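The values are calculated or read from the model by the stated rules, or taken from the named source; none is laboratory data. Not measured: the values here are computed from a predicted model. As a convention, Cβ positions derive from the backbone with ideal geometry for all residues, glycine included, and neighbour counts pool all protein chains shown.
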Amino acid sequence: MEETRTSFDAVVVGGGVIGLVTAWRAAGRGLRTAVVDPRPGGGAAQVAAGMLAAVTELHHGEEALLDLNLASAARYPDFAAELAEAAGAGIGYRACGTLAVALDADDRAELRELHLLQQRCGLDTQWLTGRECRKLEPMLAPGVRGGLRVDGDHQADPRLLTAALLTACERAGVAFHRAWARELTVSGGRATGVLLDSGTALAAGATVLAGGSRSAGLAGLPPEVAVPVRPVKGQVLRLRMPAGPAPFLSRTVRAVVRGGHVYLVPRVSGELVIGATSEERGWDTTVTAGGVYELLRDAHELVPGLTELPLVETRAGLRPATPDNAPLLGPSALPGLHLATGHHRNGILLAPVTGDALAEALATGELPDYARPFSAQRAFGGVPGVIA
Ligand code: GLY
């Protein structure tokens with residue numbers, strides 16, 4: 001049935017994981033909420049592997065982001081249970097841990113550096129010999145030289161997560177307008193809602209821009225609202241593991257091979273997700289022979305036995321990246337407009353904390369303390385919104 005309500009406390013532009021979790025949590029705070037998206041539940045989450053890799057994806061200079069990532073990872077068990085209850089379906093949350101391994105001396109040196117950084121950040125990770133790695137994961141190549149055991153980096157299934165969020169939103173009374181948002185409407189120096197492609201105008205006390213990599217493209221954004229988000233392409237493969245008494249892989253396995261990151265995420269369902277390329281190619285989402293070749297070549301060096309597995313899907317998606325790789329959250333420079341975008345490599349991981357932070361900002365006008373370093377109004381290169 002077509003949605004006829006047009007006046008809301010909050011309108012969320014974008015129905016990917018971040019838009020849906022924001023809408024669900026906003027509705028939970030008693031706000032009359034709508035989502036605008038021609039195909040809610042689509043987007044990058046349909047491609048993402050769903051690693052909750054706060055510790056294994058730590059980078060120098062991203063210690064503040066680490067705190068947000070860890071806060072969200074800590075919320076995941078309760079979030080998964082609450083969402084499963086609300087939707088009547090699970091999200092594939094699996095507390096399986098991660099093993100990051102090295103294949104040669106260069107990889108090992110890079111992994112040792114990561115280990116030192118993790119130790120400086122007070123993180124609990126354990127260095128293993130190659131033999132110890134293979135004892136944990138017998139399918140690993142004999143050439144594995146060592147690895148880091150990270151028992152706290154788990155996984156969720158992004159496709160199950162979006163399906164559950166859609167159902168939970170519907171059950172919480174969120175309205176779905178299945179159309180493109182043509183333009184942000186502004187009146188008296190405030191965002192007042194959005195005009196849809198269909199010609200329908202939605203009025204909102206607050207509008208949330210949660211359009212992933214496309215967030216900057218909404219017409220009507222005034223010049224003082226910077227949305228420094230660009231697409232970063234990731235190609236991902238899906239294979240099918242054999243059913244059997246011994247699991248093919250029991251945890252996420254990842255490595256840096258010749259400078260490129262490769263990861264293998266085994267699901268209970270038998271799906272094995274292999275990702276991901278990282279390419280600056282604008283809006284291109286072509287799956288290329290070169291991308292598939294590189295992923296399979298690198299994954300095969302880690303786990304030679306995977307060449308026997310059926311390859312069931314190849315796909316590319318776009319990560320919404322910002323200049324500092326961290327999300328843009330909460331009130332923007334335009335009253336009435338909030339941002340929930342720019343989650344780059346961490347959209348699935350950051351879903352719980354983003355939903356909570358945005359719901360708080362929508363209900364009270366203020367981001368909670370833990371989200372303030374990621375304010376949508378923070379400066380890049382010394383000037384708000386300007387990319388250095
Ligand atoms: N976090 C995994 C990726 O962005 O490829």
Pairs, please: C-beta under 9 Å, at least 6 apart or cross-chain, first residue in contact (Cβ under 8 Å) with a residue 40 or more places away in the chain and over 16 Å from Gly234 (Cβ atoms) and in the range 288-304, second of a type in the set (Val, Ile, Thr) and part of a loop (DSSP other than H, G, I, E, B)?
Leu302/Val144
Any residue at all in the range 285-308 that's under 30 Å from Gly365 (Cα atoms), surrounded by fewer than 17 Cβ atoms within 10 Å (Cβ to Cβ) and out of contact with any Asp or Glu (no Cβ under 9 Å at 6 or more places or on another chain)?
no
Can you tell me which of (1) under 25 Å from Ala361 (Cα atoms); (2) in contact with an Asp or Glu (Cβ under 8 Å, 6 or more places away or on another chain); (3) within 16 Å of the ligand (Cβ to nearest atom) is the one Ala45 doesn't meet?
(2)
Exactly one condition in (1) surrounded by 24 or more Cβ atoms within 10 Å (Cβ to Cβ); (2) more than 27 Å from Val227 (Cα to Cα); (3) within 16 Å of the ligand (Cβ to nearest atom) is not met by Val101; state its number.
(3)
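Results for (1) buried (at least 17 other Cβ atoms within 10 Å of the Cβ); (2) of a type in the set (A, V, I, L, M); (3) closer than 30 Å to Trp127 by Cβ, shown as yes or no for each residue.
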site	(1), (2), (3)
Glu3	no, no, no
Ala10	yes, yes, no
Trp24	yes, no, no
Val47	yes, yes, no
Ala54	yes, yes, yes
Ala64	no, yes, yes
Ala89	no, yes, no
Arg94	yes, no, yes
Given the criteria farther than 28 Å from Ala351 by Cβ and more than 12 Å from the ligand (Cβ to nearest atom), does Leu309 qualify?
yes
Does Ala81 satisfy the condition of being hydrophobic (A, V, I, L, M, F, W, C), more than 16 Å from the ligand (Cβ to nearest atom), modelled with pLDDT under 95 and more than 29 Å from Lys233 (Cβ to Cβ)?
no
If I filter the range 49-78 down to residues being among the acidic types (Asp, Glu) and at pLDDT below 95, which single residue comes out as nearest to the ligand (Cβ to nearest atom)?
Glu57
Within the range 210-228, residues being of a type outside the set (Asp, Glu) and more than 17 Å from Ala45 (Cα to Cα) number 12
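In the range 157-170, is there at least one residue being part of a strand (DSSP E or B) and over 19 Å from the mean Cα position of the chain (by Cα)?
Taking every residue of the range 157-170 in turn, none turns out to be part of a strand (DSSP E or B) and over 19 Å from the mean Cα position of the chain (by Cα).
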Taking the range 228-256 as the search range and keeping residues that are away from the ligand (no atom under 14 Å from the Cβ) and modelled with pLDDT under 95, which one is surrounded by the most Cβ atoms within 10 Å (Cβ to Cβ)?
Pro247
